Amino acid sequence: MEKGMDVLHDFGIQSTHYLQVNYQDSQDWFILVSVIADLRNAFYVLFPIWFHLREAVGIKLLWVAVIGDWLNLVFKWMERWVVDGQTDGWMDTGQPLEVSQMETFHLYPSGHAMGTAGVYYVMVTSTLSIFRGRKRPTYRFRCLNILLWLGFWAVQLNVCLSRIYLAAHFPHQVVAGVLSGIAVAETFRHIQSIYNASLKKYFLITFFLFSFAIGFYLLLKGLGVDLLWTLEKARRWCERPEWVHIDTTPFASLLKNVGTLFGLGVALNSSMYRESCKGKLSKWFPFRLSCIVVSLILLHLFDSLKPPSQTELIFYTLSFCKSAAVPLASVSLIPYCLARVFDQPDKKSL
């Protein structure tokens, strides 16, 4: 097994070196792709758009993003348990790393590749399902099918190359990430219970995800496996330790995911959601479009607010609350406020 992993990592180092040497002019492009592929964009941009265009697609997209990222965290911890740090992704050169933004947890599989594959797979399959309906495939539909899948794989290729170029992951990690993301998205194509889940079910699932991850962490810690070793290593080798972001640590990712899912459950089971998104304005396109525009603007401003990172407990607590507020605002609060605004002219006319 060690020889096989050595071959994979040697190939990974050579691939990174090849891309960095031969595509130096593409550095800005690869950085841009990596930023766009961040799962944050699924929560703050793609989710509000899809939710107010096709509610079921938005719900499925958020579930796939959350569960996929949670599984990615568990996969990384499992690999750490198996290999016990012998095949980490860091290249010990003996020199401080000059990287403008260092991730503190970048093992197997690639979170960027997994998240992007899952989210974009949902968007492609849902779009094709909407345009096809129950009719037989037409020539235009076949052309759309080809174009969307070509676009999907072009995005995945660019994301994978960007992660390799930035030395964040090796080729086998990004491939595993893409396949895992597709598997998660395909699984949720066959799960219908997420569209009418009660608040109790959301709470139980959120509690399970959180408690399982914490329990697994404590179990491995009891076995002598240090799952936070990358944080120490990043601070040691990074030329400027302040570049090591606490929001890329495992617990930050965990609390963001469970917070987002819990916030979605609260929002979908709230009276504000029922009065607005299920009310008389729900089918009116200007109302839906207004919800999208206002959500994107407010969530962008909300995303710029960074929790204080001096105290980890406070940071994690605020991260959970901030993540829960994203779907809560998009699904219930903003539509409710806009519905009240649009209702005012009708009330005045009476």
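The values are calculated or read from the model by the stated rules, or taken from the named source; none is laboratory data. What you see is a predicted model; the values in this text were computed from it and never measured. When we count neighbours, we look across all protein chains shown, and the Cβ atoms used for this are built from the backbone with ideal geometry, even at glycine.
Within the range 38-71, track down each residue that is out of contact with any Phe, Trp or Tyr (no Cβ under 8 Å at 6 or more places or on another chain), among the aliphatic types (A, V, I, L, M), buried (at least 22 other Cβ atoms within 10 Å of the Cβ) and modelled with pLDDT of 95 or more.
Answer for the range 38-71, where residues must be out of contact with any Phe, Trp or Tyr (no Cβ under 8 Å at 6 or more places or on another chain), among the aliphatic types (A, V, I, L, M), buried (at least 22 other Cβ atoms within 10 Å of the Cβ) and modelled with pLDDT of 95 or more: Ala42, Val66.
Restricting the search to the range 96-132, which residues are polar (S, T, N, Q) and at pLDDT 90 or above?
Correct list: Thr116, Thr125, Ser126, Thr127, Ser129.
Quick check on the range 79-95. Is at least one of its residues of a type outside the set (A, V, I, L, M) and at pLDDT 90 or above? Before the answer, list the steps.
Of all residues in the range 79-95, those of a type outside the set (A, V, I, L, M) come to 79-81, 84-90, 92-95.
From what is left, the residues that are at pLDDT 90 or above are none.
Checking the range 79-95: not a single residue is of a type outside the set (A, V, I, L, M) and at pLDDT 90 or above.
Give the residues of the range 268-319 that are in a helix (DSSP H, G or I), under 21 Å from the mean Cα position of the chain (by Cα) and among the hydroxyl-bearing types (Ser, Thr, Tyr), sorted by residue number.
Selection gives Ser295, Tyr316, Thr317, Ser319.
What are the pairs with Cβ atoms under 7 angstrom where one residue, in the range 301-321, is within 16 Å of Phe43 (Cα to Cα) and the other, located anywhere, is assigned to a helix (DSSP H, G or I) and hydroxyl-bearing (Ser, Thr, Tyr)? Sequence gap at least six, or different chains.
That search, which allows pairs on different chains as well, returns Asp303/Tyr44.
Yes or no: Tyr202 in a helix (DSSP H, G or I), modelled with pLDDT of 95 or more and surrounded by 15 or more Cβ atoms within 10 Å (Cβ to Cβ)? Give the steps one after another, and end with the answer.
On the way: in a helix (DSSP H, G or I): yes; modelled with pLDDT of 95 or more: yes; surrounded by 15 or more Cβ atoms within 10 Å (Cβ to Cβ): yes.
Here the answer is yes, as Tyr202 does meet what is asked.
Please state which of the following conditions Leu333 fails to meet, knowing it meets all the rest: (1) surrounded by fewer than 20 Cβ atoms within 10 Å (Cβ to Cβ); (2) at pLDDT below 95.
The one condition Leu333 does not meet is (2).
Kindly provide the set of residues from the range 137-188 that are farther than 22 Å from Ala42 by Cβ and among the charged types (D, E, K, R), ordered by number.
Passing the criteria: Arg140, Arg142.
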